[in-house]
Amino acid sequence: MTPSNSPTTLFASRISGTGSAFPEGRLTNQELAVRVDTSDEWIRERTGISERRIAKPGDPNEFNSSLGYRAALKALEMAGKRPEDIDQILYATCSPDTLVPSTACWLQAKLGAKRAWAVDINAACSGFLYGLSMADTFVRAGQSKTILVVGAEVLSSFVNWEDRTSCILFGDAAGAAIVERTSSDSPQRILSSHLHSDGTLTDLLGMPAGGSRSPVTADTIALKQNFLQMKGREVFKVAVKTLADFAQTAIETNGFKAEDIDWFIPHQANLRIIEAVANRLDFPMEKVLLNVERYGNTSAATVPTMLDEAVRDGRIKPGHLVLLDVFGAGLTYGSILMRW
């Protein structure tokens with residue numbers, strides 16, 4: 001946990017700008033049903049997804065870093081900042097432009113953020129919250145004033161389009177946030193963050209080939225090990241429990257109750273998971289922010305894109321308590337409570 005209201009802390013952090021970006025291409029359930037043995041009804045019933053955005057392969061305007069760039073520009077504009085104001089870039093992704101160099105460095109070059117140091121974070125779907133927590137820590141420690149945190153994915157490059165249990169879930173997107181220094185007693189700040197990982201559950205969701213442990217070869221390609229693989233039922237059970245537990249931890253740590261939360265933004269993996277979590281927390285779905293129907297599971301981008309949407313359309317207002325909650329491959333988990 002990293003509380004930003006410690007009596008010894010001079011600074012706290014707040015999000016002053018958000019942005020999001022999506023590929024132009026849409027893939028509906030009906031179109032997907034032409035590729036694999038599925039149907040719009042089957043997908044909707046099990047996931048709540050009706051369509052997802054898919055980047056055009058080879059299009060430089062829809063590379064991971066290009067989506068991140070577009071989202072970052074919007075976040076900078078909202079915050080009233082310039083690229084040269086950025087101290088560091090924390091880029092959450094598990095579908096990078098390249099393994100080396102980092103996608104964060106690709107983005108730095110596109111932005112012209114010459115002062116910033118840049119690094120990728122791979123915590124899968126939890127990556128944006130991991131980055132947000134790290135940014136909060138750097139700001140509170142007095143090391144940074146302005147940090148760009150991005151969550152972006154082009155997971156369509158790593159999806160097995162013959163596997164109907166996984167290809168129906170994922171989409172491409174980018175979300176970004178500007179995290180700025182504020183006073184430790186500011187009403188608008190990140191209140192606390194809570195992160196955890198469980199490496200004993202690595203087999204539930206991952207991509208077996210593609211790293212130094214198992215490089216991409218003709219054999220691994222034939223076995224489709226260079227694509228995402230998931231044990232859906234097991235992931236569902238773990239996701240519901242961890243999302244509920246970490247949401248409750250964030251609420252209780254700050255002395256609140258579930259009814260005090262104005263908006264809940266969970267990882268947009270599956271509507272059934274989200275409904276089960278809300279039920280466990282006795283939290284009304286009217287206060288749960290959702291975009292999974294339109295975009296599917298965009299991994300590290302789900303929370304920042306939903307946050308940006310709700311800020312821009314006015315649902316999230318100054319003074320609102322906003323709870324962010326995620327889980328991802330690794331397995332990784334996390335929650336953040338903030339006062340907007």
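What about T165, is it in the same structural domain as E252 (by TED's automatic domain parsing) and more than 30 Å from L76 (Cβ to Cβ)?
No, not satisfied.
Is it the case, given these coordinates, that N279 is of a type in the set (S, T, N, Q), not in a helix (DSSP H, G or I) and not assigned by TED's automatic domain parsing to the domain that holds N64?
no
Scan segment 190-211 and tell me whether some residue there is modelled with pLDDT of 95 or more, assigned to a strand (DSSP E or B), charged (D, E, K, R) and out of contact with any Asp or Glu (no Cβ under 6 Å at 6 or more places or on another chain).
No, that holds for no residue.
Which of the residues that make up segment 244-267 are among the aromatic types (F, W, Y) and surrounded by fewer than 19 Cβ atoms within 10 Å (Cβ to Cβ)?
F256
Determine, yes or no, whether T182 is over 20 Å from T332 (Cβ atoms) and either under 16 Å from the mean Cα position of the chain (by Cα) or not small (G, A, S) (or both).
Details: over 20 Å from T332 (Cβ atoms): yes; either under 16 Å from the mean Cα position of the chain (by Cα) or not small (G, A, S) (or both): yes.
So T182 passes the test.
For segment 9-55, how many residues meet the condition of being among the aliphatic types (A, V, I, L, M) and under 24 Å from D313 (Cβ atoms)?
3
So which residues in segment 307-340 are under 30 Å from L32 (Cα atoms), in a helix (DSSP H, G or I) and either in contact (Cβ under 8 Å) with a residue 60 or more places away in the chain or touching a Ser or Thr at 6+ places or on another chain (Cβ under 7 Å) (or both), if there are any at all?
L307, D308, E309
Restricting segment 117-176 to residues that are part of a helix (DSSP H, G or I) and over 27 Å from I190 (Cα atoms), which is nearest to the chain's Cα centre (by Cα)?
Only one residue tops the list, namely L155.
Can you tell me which residue is nearest to the chain's Cα centre (by Cα) among those in segment 24-51 that are part of a strand (DSSP E or B) and buried (at least 17 other Cβ atoms within 10 Å of the Cβ)? Write out each step before concluding.
Pass one, segment 24-51, residues part of a strand (DSSP E or B): 26-28, 51.
From what is left, the residues that are buried (at least 17 other Cβ atoms within 10 Å of the Cβ) are 27, 51.
On the way: L27: 21, E51: 18 Å.
Ranking the candidates gives E51 first.
Which pairs have Cβ atoms under 9 Å, sit 6 or more apart or on different chains, and link a residue in segment 72-86 that is without any contact (Cβ under 8 Å) to a residue 24 or more places away in the chain to one that is assigned to a helix (DSSP H, G or I)?
As it stands, the answer is R82/L76, since those pairs meet every condition given.
Given the options F283, F246, F256, name the one that is within 18 Å of G127 (Cα to Cα), touching a residue at least 24 places away in the same chain (Cβ under 8 Å) and not β-branched (V, I, T).
F246
Quick one: how many residues across segment 80-116 are out of contact with any strand residue (DSSP E or B) (no Cβ under 6 Å at 6 or more places or on another chain), part of a helix (DSSP H, G or I) and more than 14 Å from G68 (Cβ to Cβ)?
Number satisfying all stated conditions: 1.
How many of the residues making up segment 227-243 are surrounded by 20 or more Cβ atoms within 10 Å (Cβ to Cβ) and either acidic (D, E) or assigned to a loop (DSSP other than H, G, I, E, B) (or both)?
Number satisfying all stated conditions: 2.
Consider V159 carefully, then state whether it is among the hydrophobic types (A, V, I, L, M, F, W, C), farther than 18 Å from D37 by Cα and either in contact with a strand residue (DSSP E or B) (Cβ under 9 Å, 6 or more places away or on another chain) or surrounded by fewer than 23 Cβ atoms within 10 Å (Cβ to Cβ) (or both). Break it down stepwise before answering.
Working: among the hydrophobic types (A, V, I, L, M, F, W, C): yes; farther than 18 Å from D37 by Cα: no; either in contact with a strand residue (DSSP E or B) (Cβ under 9 Å, 6 or more places away or on another chain) or surrounded by fewer than 23 Cβ atoms within 10 Å (Cβ to Cβ) (or both): yes.
In short, no.
The values are calculated or read from the model by the stated rules, or taken from the named source; none is laboratory data. What you see is a predicted model, and the numbers here were worked out from it, not measured in a lab. Note that each Cβ is placed from the backbone with ideal geometry, even for glycine, and that neighbours are counted across all protein chains shown.
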